[in-house]
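The values are calculated or read from the model by the stated rules, or taken from the named source; none is laboratory data. Since this is a predicted model, take the numbers as computed values, not measurements. Cβ atoms come from the backbone with ideal geometry, glycine included; neighbour counts cover every protein chain shown.
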Amino acid sequence: MKASSPTTSNETRTTLGDPNCPHCHGAGYVRYDVSMGDPRFGRLEPCACRSAEIIDGARQRLFELSHLDRLSHLTFENFDIQGNKNAKFMMPQDMNSLQLAKEEAESFVRTHQGWLLLEGGYGCGKTHLAAAIANFAVSTGTPTLFITVPDLLDMLRFAFSDPETTFEARFEEIRNANLLILDDFGTQNATAWAQEKLFQIINYRYINKLPTVITTNLMLDEIESRIRSRLQDDEFVKHITITAPDYRRPTETSNPGISMLSLPEIKTMTFKNFETREDEIGKEVITTTTTEKQDRFGNKIKDKEITRVKVTQEDIKTLHKAVNAAVTFAEEPEGWLVLLGGSFSGKTHLAAAIGNYRIDLGGQAVLVEVADLLDYMRQTFRPASDVSFDRRFNEIKTTPMLILDDLKESGTSSVWAEDKLYQILNHRYYARLPTVITSTLKPDSFAINYPGLWNKVLDASKQQVYVIDMPPYRRMTKGNKSAGHKKAR
């Protein structure tokens, strides 16, 4: 091994290494005395005396590429597992997901073992935790690269014309970083070149077991198959899903494009303006009942029958029980609440009041007619759809509170649609996610049309069923507003 300097002249010599180094004598580089077939033949190698300097330089370069100075305020200490401070309420499972994500992030940064995959919607806290990992690692001297995937790809593209580096050098620097944190995976421009470079980086780090953190708002099924395969290695990758709502906009309705809670008339439906109808006891009300019959050829036909009924004290009791159950459910949503009753008996008003109450507290809720929900899922199969069916299906089945209005008899939708509806409700049943269902079906008819679902509804440990045995609310004309609005409590 011989000392060598890449920068010498007749007058001066630049000293890059330690002048007292017995190997390079201050040159900073050495040339190994090896045979021609050796890979090191003719190459200048940094001397061991410069190792600390090289490590510090690499660490500083990665820090500058990460722009972590802009994210220095994001730490574990100021990560709030209660969610946005402006939100008055968070679902228990949402807070649990934030707590688990923080614990796993803190565990990862202490050990740097394996990979950490943080999945969740926009603004749920993924980037905060990823930046907290990076800031902690940097503070302990670990060379760390924190970068969004689109910026990473731009960095590689720009390296082709960068006079200070080469593409190969930049690529090696990224894939060999002691700790690599890829933020916003899935937002990149998915060209073939981009996908290939991402795969090469991820595959290299996977094979060499280099600690890596990835955040994404994609589901695993939406990620390119080769990368997904590696992320599904449960023994090496810790996968955490954060279900908390957006920290930035805690009062925004989930799935605003589908929920009826954003509609002007539905917004006004609250417990305070729900009429409990005590003033109607003893009064005769005209009601229209629709029954299904068969004609002489065996075809099913619907027949309408007009009847006159008197509102009784027992009728009012069924309404009061439903109101009290709805208020209790809104305050502490657990399990399911099923409201059965005729058309215009107050079911939708109570369901909307639950959703509006939750949103007023800063929670999230979706109120949607079952028929519209099924159409919403079918739209993903259109050529112009910008969202996959799997993503939309997952958003619906995991939404913090789902309120399904007007569940009709079986057979009104396709077998496919009813199967998907059952899958949604089956998931929510076992995940204990708060769900409200309204239907005009009578209990016996419900059991016949949806036997599997009805058996779940009968589980008193998780579900509540209330039948509102009331004739329709009287329609009021403008200017004839009731002065008897009472708090439904």
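Observations, loosely collected:
- Matching residues in segment 13-22 - criterion: being surrounded by fewer than 14 Cβ atoms within 10 Å (Cβ to Cβ) and either modelled with pLDDT of 70 or more or at positive phi (or both): Pro19, Asn20, Pro22
- Count of segment 415-441 residues which are of a type in the set (Lys, Arg) and within 16 Å of Gln93 (Cβ to Cβ): 2
- Verdict on Ala101 being touching a helix residue (DSSP H, G or I) at 6+ places or on another chain (Cβ under 9 Å), part of a helix (DSSP H, G or I), under 25 Å from Arg392 (Cβ atoms) and hydrophobic (A, V, I, L, M, F, W, C): yes
- Of all residues assigned to segment 100-108, none qualifies as being at pLDDT below 90 and surrounded by fewer than 20 Cβ atoms within 10 Å (Cβ to Cβ).
- Just one residue in the set Thr290, Thr251 is at pLDDT below 80, closer than 30 Å to Val323 by Cα and in contact with a strand residue (DSSP E or B) (Cβ under 7 Å, 6 or more places away or on another chain); that residue is Thr290.
- The set of residues in segment 420-452 being closer than 20 Å to Ile468 by Cα and part of a helix (DSSP H, G or I) consists of Pro443, Asp444, Ser445, Phe446, Ala447, Ile448, Asn449.
- Condition check for Gly411: surrounded by fewer than 20 Cβ atoms within 10 Å (Cβ to Cβ), at pLDDT below 90 and not in a strand (DSSP E or B): yes
- In segment 23-39, residue nearest to the chain's Cα centre (by Cα) [restricted to those that are surrounded by fewer than 15 Cβ atoms within 10 Å (Cβ to Cβ) and without any contact (Cβ under 8 Å) to a residue 24 or more places away in the chain]: Pro39
One line per residue, one yes/no per condition, for (1) outside any loop (DSSP other than H, G, I, E, B); (2) under 27 Å from the mean Cα position of the chain (by Cα); (3) of a type in the set (Lys, Arg); (4) surrounded by fewer than 22 Cβ atoms within 10 Å (Cβ to Cβ):
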site	(1), (2), (3), (4)
Leu118	yes, yes, no, no
Tyr122	no, yes, no, yes
Thr142	no, no, no, yes
Arg170	yes, no, yes, yes
Glu173	yes, no, no, yes
Asp183	yes, yes, no, no
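- Test: residue in segment 185-196 that is assigned to a strand (DSSP E or B) and either out of contact with any Cys (no Cβ under 6 Å at 6 or more places or on another chain) or without any contact (Cβ under 8 Å) to a residue 24 or more places away in the chain (or both): yes
- In segment 204-235, the residues that are touching a strand residue (DSSP E or B) at 6+ places or on another chain (Cβ under 6 Å) and assigned to a loop (DSSP other than H, G, I, E, B): Pro211
- Condition met for Lys456 (in contact with a Phe, Trp or Tyr (Cβ under 7 Å, 6 or more places away or on another chain) and over 18 Å from Ala371 (Cα atoms)): yes
- Of all the numbered requirements in (1) surrounded by 18 or more Cβ atoms within 10 Å (Cβ to Cβ); (2) in contact with a strand residue (DSSP E or B) (Cβ under 7 Å, 6 or more places away or on another chain); (3) farther than 26 Å from Leu218 by Cβ, Pro443 misses one, and that requirement is (1).
- If you check Phe158, Phe136, Phe146, Phe108 for being in a helix (DSSP H, G or I), within 30 Å of Lys197 (Cβ to Cβ), in contact with a helix residue (DSSP H, G or I) (Cβ under 6 Å, 6 or more places away or on another chain) and not polar (S, T, N, Q), only one passes: Phe136.
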